[in-house]
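Working notes for the structure below.
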Amino acid sequence: MSNIFDLTETEDKKTYDNISALRPEFDWMQALNVEQKEAVKATEGPVLVLSGAGTGKTRVLTTRLAYILSNGLANAWNCLVVTFTNKAAKEMKLRVQELIGSVADSVWLGTFHSICVKILRRHAEFVRLKSNFTILDEDDQKRVVKQILQAEGIDEKKYPPAALVEKISRFKDKNLTPEQIARDFKGNVTTMVYQKYQARLKELNAVDFGDIIMYVLQIFLAHQEVLENYQSQFKYIMVDEYQDTNVTQYLLLRLLAQKHGNICCVGDDDQSIYSWRGAEIENILRFEKDFANARVIRLEQNYRSTANILTAASCLIRHNDGRLGKTLRVAKNSPANMCNNEKIKLISTYSGTEEALTLVREIENLHRQNFEYSQMAILVRTAAQMRVLEEKLIAEAVPYQVIGGPKFYERAEIRDVLAYLRVIAQSGDDLAFERIINKPARHIGATSVKKFKDYAAQNHMSLFDAVRQMADLKLISGQLLSSSVELMGHFDEWQKAAKELKLAELAERVTEESGYIDMLKSEDSVESEGRIENIRELINVMSDEAEYPTLDAFLEHVSLVTETDNVTSSNNVMLMTLHSAKGLEFDVVFLPGWEEGLFPHERALSEGGTAALEEERRLAYVALTRAKQKVYIYVAFARQIFGQWENCEPSRFLNELPSECLEIVRNAYQPRQSYGYSYQKTNYQQRAKQNVKGVRVWHQSFGYGTLMRVEADDKCEVYFDKVGKKMVYGSYLKRV
């Protein structure tokens, strides 16, 4: 299959001259419902397709693209389709190919980052980069920040590199440059690190994820002729998951759509759950204000879930004020109509351990009823919940896969092999070269590396060139000299081989000749055998020449892999966080830990206010709508937190589920009567009012304090002895 980015406009014209000969109406249009057809045919002007969970948004997007091309409204290269994951982009492209054939190959279809990488490589000089820039991952980013902190003598414990990387990423999500931040926060450590971090990335000819889109936006704003070229090219723009866009992505889309105005954004405000990584729900809520004469088309017929699941999810999400509003209903021809409309099971257990055991035994029971393991998922609010669940899954011999844990490309041995390949592709990649310069051990220790780095800095050259020059000039001697000469010789040979060998053959040669495989074999352990298998799997992936025709193409693919691309089709129960589950669907969904402080999370209750609580509720909505047939919600009476047993209170979200959709199940492990536990609805507002102003209270995070006032929505103003005034929910206060 051709890479969509490899086709030129001239080639497109030669290949697709007969596009207008395709029939304007298709048999497959008849499979769409009324609202879907409306969205497909609304090709002119701004359109917001408000697509609820399971309402066929991918079908609408692909059919709409096919409709535009088959009716000759535009050539393939005039269409821009933006998604958020590689998986979604690949699925969409395959579907369009099924509808109209190879014409789909030339559409600009991909993730925000893959599209912008293509643009940035074309115009890299405008932001003082070379076109072969490296894309850094999170580990590389932290290493750069750590080096800056060390050089400035700043304590890493006080300013953790991971936290600084996170802040820098949020700045870029909002299109805030170091210069803009410096105007508001002079002398700030974060500002200083941000400035030096960006300067260092330029020296390395490298970008991070945030740079990819921010730099393209900067190029468009500074170079009108470049912007006008792309504005003219993209006659039709379609955007998937619009509710997940950040400020920079939003500004980019606004710019590109200015000439033709034909932008179609598909999304669901009720599934906006990524504010913590920069997503702005306001982008979708204000669509009609941003784009004059915009149409809003609601897709409400659900093809995934049973009526009880949809009713429960709809009732829950209605408690949010910040939404455009829609109500899901089961489509007449939905597979869900053929399933038993089972009620959502609400199950109580005594402890988190018993919750896990009960849940895993129900998985075994369903498997005996011919439910595949791969069609069952356990969705948790926090990764910390996974430990006890994994223990029980292992104990009961239930196969499972953790999504959101260490990704394949983040494993140490994979990162090492990729570092070798990165240096072969670009010898100036200092981060990659430093990673493997002494791996396996070749007598080039930390002191020697510092010598090379100092020489590189003094002579304004890359670390790779510094090693070569110091060896050539005999500025080093002994074992260090011989090891350096040998390593440089290897890279010379590998760089020549990269032009002649297939990618998989090159990788195999590098792992053998570098001594890396021998290093793992010498460890002679089960772990090392597994690491060798991982390297073999990497080489297997690289053998797909059609997908990865060059080393650069493969390295770019790796740098843009997303979390959900890690999901496999093997027959395992999926264990993942709720955030990782978005976009997926399963026959059966298990939802443990629906308790106050866990879900909704304590951070949202104590610090986030109404907006944070509404996002937690959207997360609950996403959780319910992942299920096709069955949902199990679990509540424990007590959990062990930091070694201490604590009583738990049912999540307020349970009060918002309609009782007619629920089946309350008492577990075989009966709770102790002393807990006095009940599923009766809790009136948080009334309980808060019963507190008396001036009384002493205690909070798990903030300690002792004095209650000052109580608001109507259960918020309490408390003056804490150690941290001062805070607004917290009354459910988290205990009277002293």
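Computed on protein heavy atoms with a 1.4 Å probe, the accessible areas place THR382, THR63 in the order THR382, THR63, largest first.
When the Kirkwood hydrodynamic radius is evaluated over all pairs of different C-alpha atoms of the stretch 298-431, what value in angstrom, to one decimal, is obtained? List each step's numbers first, then the result.
Values: mean 1/r = 0.0519 Å⁻¹.
Final number for the Kirkwood radius of the stretch 298-431 is 19.3 Å.
Evaluate the Debye formula for the stretch 456-557 with equal point scatterers sitting on the alpha carbons, no solvent, and hand back log10 of I(q)/I(0) at q = 0.15, 0.23 Å⁻¹, in q order, two decimals. Rounded to two decimals, the profile gives -0.81, -1.13.
Ignoring ligands, DNA and RNA, what percent of the accessible area of the stretch 449-546 is carbon or sulfur (1.4 Å)? Could the numbers behind the result be given before it?
On the way: 2620 of 5500 Å².
That share works out to 48 percent.
Annotation: per residue accessible area for the stretch 142-280 equals 40 Å², rounded to a whole number [probe 1.4 Å, protein chains only]. Apply 1/(1 + (r/R0)^6) to the Cβ-Cβ distance of GLU203 and THR58, taking R0 = 30 Å, and write down the FRET efficiency to the nearest 0.05. Using R0 = 30 Å, I get an efficiency of 0.10.
CYS79 contributes an accessible area of around 0 Å² to the protein surface, as traced by a 1.4 Å probe with all chains present. Where both bridge residues fall in the chain, DSSP classifies roughly 30% of the beta bridges as antiparallel.
Computed about its Cα centre, the charge dipole of the stretch 398-516 is approximately 260 debye, with only Lys, Arg, Asp and Glu carrying charge at their Cβ.
Taking trypsin sites (Lys or Arg not before Pro) across the stretch 165-214, the ones in a DSSP loop with at most 12 further Cβ atoms lying within 10 angstrom of their Cβ are LYS186.
Computed over every Cα-Cα pair of the stretch 247-348 and binned at 10 Å starting from 0, the pair-distance distribution P(r) comes out as 12, 34, 30, 18, 5, 0 percent. Centre-to-centre separation between the Cα atoms of the stretch 55-107 and those of the stretch 496-537: 39 Å.
Cross-link reach is defined here as a Cα-Cα straight distance under 13 Å, omitting same-chain residues fewer than 8 places apart; for LYS343 the aspartates and glutamates meeting it are GLU660, GLU663.
Here the simple spin-label model places points 7 Å from the Cα toward Cβ, and for ASN571 and SER131 these points are separated by 5.0 nm.
In the assembled protein chains, THR327 presents an accessible area of approximately 60 Å² (probe radius 1.4 Å).
Rank MET576, MET519 by accessible area, highest first, at a 1.4 Å probe radius? Intermediate values should be presented prior to the final figure.
Numbers: MET576 0, MET519 45 Å².
If we order MET576, MET519 from most to least accessible, we get MET519, MET576.
Comparing PHE491, ASN71, ILE154 along the charge dipole axis of the chain, the residue lying farthest to the positive side is ILE154, per the Cβ-charge model. Treating each Cα of the chain as an identical point scatterer and summing with the Debye formula, the log10 of I(q)/I(0) at q = 0.06, 0.08, 0.11 Å⁻¹ comes to -0.42, -0.77, -1.38. Note on the stretch 346-417: Cα convex hull, mean projected area over all directions, 6.2 nm². Annotation: extensible slack from SER543 through GLU493 equals 15.9 nm (criterion: 0.36 nm per residue apart, minus Cα-Cα distance).
Each other residue within a Cβ distance under 15 Å of ASP492 adds +1 if Lys or Arg and -1 if Asp or Glu, for a net charge of -2. Using the Cβ of CYS661 as centre and a radius below 12 Å, the other residues enclosed give a net charge of -2, where K and R count +1 and D and E count -1.
Provide the per residue accessible area, probe 1.4 Å, for the stretch 462-540, rounded to a whole number of square angstrom. Kindly include the intermediate steps, with their values, before the conclusion.
Values: 4270 Å² over 79 residues.
Counting only protein heavy atoms, the per-residue value for the stretch 462-540 is 54 Å².
By the gyration tensor of its Cα atoms, with a ≥ b ≥ c the square roots of the eigenvalues, what is the shape of the stretch 53-124: rounded for a/c under 1.5, prolate for a/b over b/c, or oblate? Because a/c hits 1.5 or more and a/b fails to exceed b/c, the stretch 53-124 counts as oblate.
Temperature 4 °C, viscosity 1.567 mPa s: under these conditions the Stokes-Einstein estimate for the stretch 114-182, based on its Kirkwood radius over C-alpha pairs, is 93 µm² per second. A dipole drawn for the chain from +1 and -1 charges on Cβ atoms has a positive end, and of SER51, MET376, LEU506 the residue lying farthest that way is SER51. What separates the Cα centres of the stretch 414-443 and the stretch 123-194 is a distance of 22 Å.
Around ARG95, under 14 Å between beta carbons, what's the net of Lys plus Arg minus Asp minus Glu among the other residues?
Working: positive: LYS57, ARG59, ARG64, LYS87, LYS90, LYS93; negative: GLU91, GLU98, ASP105, ASP240.
It works out to a net charge of +2.
Of GLU513, GLU44, which has the most accessible area and how do the rest follow, probe 1.4 Å?
Numbers: GLU513 75, GLU44 105 Å².
Sorted descending by solvent-accessible area, the residues read GLU44, GLU513.
Listed by chain and number, the lysines placed with their C-alpha closer than 23 angstrom to that of LYS453 are LYS130, LYS142, LYS146, LYS196, LYS202, LYS439, LYS474; residues fewer than eight positions away on the same chain are left out.
The values are calculated or read from the model by the stated rules, or taken from the named source; none is laboratory data. Fair warning: this is a prediction, and the values are worked out from it, not measured in the lab. Please note: Cβ atoms are built from the backbone with ideal geometry, for glycine as well, and neighbour counts cover all protein chains shown. SASA here: full protein model, heavy atoms, side chains in, ligands and nucleic acids out. Shrake-Rupley method; radii C 1.70, N 1.55, O 1.52, S 1.80 Å.
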